[in-house]
Amino acid sequence: MLRIHFTGDDLAGVRMAARPDVLWETILSFHRLRDRRGSTVYREWRTTTRKRLNSETRLLAALVPARGYFPDFLTPPEGVHGLDEGLQALRATPTERLRSELALLGATRAGRTDGSLPGALAGLAEGRPESLGRLVDALRGYHRAAIAPYWLRVQARVDADRAIRGRAVLDGGADELLASLPPMLRWRAPVLEADYPVDRDVRLDGRGLLLQPSYFCRGTAVVLRDPTLPPVLVYPVTHCESPAVSRPGGPSLAKLVGQTRSEVLRAVGDGSTTSELARRAGVSLASASQHAGVLREAGLVSTLRHGNAVLHTLTPLGAALLGDVRRGAVSYARNGPVTS
């Protein structure tokens, strides 16, 4: 069981990440590559990704066990700004931190009771530039094969989750936001509880908490091991179907003709229920639902069920079609309390 303890200042400091974190998605996807959880959701991704990979996984497998601890330095906060920024921050990790976290990894690895490290990690623990360079190259290569082709899908799901959390903030502030999180997270003020493989208490002590929705997080939320690092809670988004590469110009997209459907797409905005969509576009509820289905098939709209409501949000492709890429990439950005 994981217990995150909040003070009043921590509640005021709860915030949503502005976008997916590329390094969290990269590391967590490596877990999904090797396990069978979420087989329906990740089946296509897993099959096609394995065909693209070469030797990138060897070093990552030494750093990221199938279960249990992996070093915090693999997911620096700069990862939310993009791959280059995240890898630059990783490369700048102080040697003492590398040594400390890799020693902890060695102590927790099965079959290595003496805490020793595989040979591939010895140079990394000493902060050798060439070893850090190999790690950066491995992460970049793995990202190119496993994450980049699916990034629009990852981004769309995270944006849809942010839209749900944004509505919760507007309805009831931070308390409602924490109560709206997925079922494996339970808000019992002033403690957020989560199913977790070990028993652990995290005390925020006025630092607040960054909520980071993740496409490749599965089953349980994830927190950093080092209590001195800025607190972040990575949690799974809701999935409806397997990840797929967007294919503009396909048969579904060809259906997007006519004034009414264009109005429906514009009416989605920063997120709307089917009832709101009908009201904004001036169409019947049945018509709004039908148009939303066509837009979803074309990869322009993402749809998630939240409680008794169905919430539609623009995907990055849908926002681009309307000539506003930023709007799709940063949904609810104008609501200050839910951005980082």
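The values are calculated or read from the model by the stated rules, or taken from the named source; none is laboratory data. Everything numeric in this text was worked out from a predicted model, so none of it was measured. So basically every Cβ, Gly included, is an ideal-geometry build from the backbone, and we count neighbours across all protein chains shown. Each accessible area value is taken on the protein alone, full model and side chains, heavy atoms only, with ligands, DNA and RNA left out. Shrake-Rupley method; radii C 1.70, N 1.55, O 1.52, S 1.80 Å.
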Considering each residue of the range 187-216, count those that are surrounded by 14 or more Cβ atoms within 10 Å (Cβ to Cβ) and free of Cβ contacts under 8 Å to residues at least 24 places away in the same chain, and give that number. 1
Residues being under 14 Å from GLN88 (Cβ atoms) and either in contact (Cβ under 8 Å) with a residue 60 or more places away in the chain or among the aromatic types (Phe, Trp, Tyr) (or both): count how many of those fall in the range 125-142. 2
Mind listing whichever residues of the range 8-57 are open to solvent by 60 Å² or more (accessible area, probe 1.4 Å) and either under 15 Å from the mean Cα position of the chain (by Cα) or under 23 Å from TRP187 (Cβ atoms) (or both)? ASP9, ALA12, ARG15, ARG19
Against the condition small (Gly, Ala, Ser), modelled with pLDDT of 90 or more and under 26 Å from PRO227 (Cα atoms), how does ALA125 come out, does it pass? yes
Extreme residue, modelled with the lowest pLDDT, among residues of the range 12-45 that are in contact with a Leu (Cβ under 8 Å, 6 or more places away or on another chain) and assigned to a helix (DSSP H, G or I): PHE30
Which fully enclosed strands (runs of 3 or more DSSP E) of the range 194-312 have 3 or more residues being closer than 23 Å to PRO183 by Cβ and modelled with pLDDT of 90 or more? 200-203, 209-214, 232-236
Please find, among ASP161, ASP171, the residue that is modelled with pLDDT under 95, part of a helix (DSSP H, G or I) and open to solvent by 30 Å² or more (accessible area, probe 1.4 Å). ASP171
The lone exception for GLY82 - which of (1) at pLDDT 90 or above; (2) on the phi > 0 side of the Ramachandran plot; (3) open to solvent by 40 Å² or more (accessible area, probe 1.4 Å) it fails: (3)
Specify the residue that is farthest from VAL222 (Cα to Cα); the eligible residues are those in the range 59-75 that are in contact with a Ser or Thr (Cβ under 7 Å, 6 or more places away or on another chain) and modelled with pLDDT of 90 or more. PHE73
The conditions are (1) open to solvent by less than 20 Å² (accessible area, probe 1.4 Å); (2) on the phi > 0 side of the Ramachandran plot, and GLY68 fails exactly one of them. Which is it? (1)
Residues that are free of Cβ contacts under 8 Å to residues at least 12 places away in the same chain, over 19 Å from VAL223 (Cα atoms) and of a type outside the set (Gly, Ala, Ser), drawn from the range 154-186: ASP171, GLU176
Just checking, does the range 2-10 include any residue being farther than 17 Å from ILE147 by Cα, polar (S, T, N, Q) and either at pLDDT 95 or above or not in a loop (DSSP other than H, G, I, E, B) (or both)? yes
Tally, over the range 276-308, of residues that are in contact (Cβ under 8 Å) with a residue 24 or more places away in the chain and open to solvent by 40 Å² or more (accessible area, probe 1.4 Å): 3
How many residues does the range 313-331 hold that are assigned to a loop (DSSP other than H, G, I, E, B) and at pLDDT below 80? 5
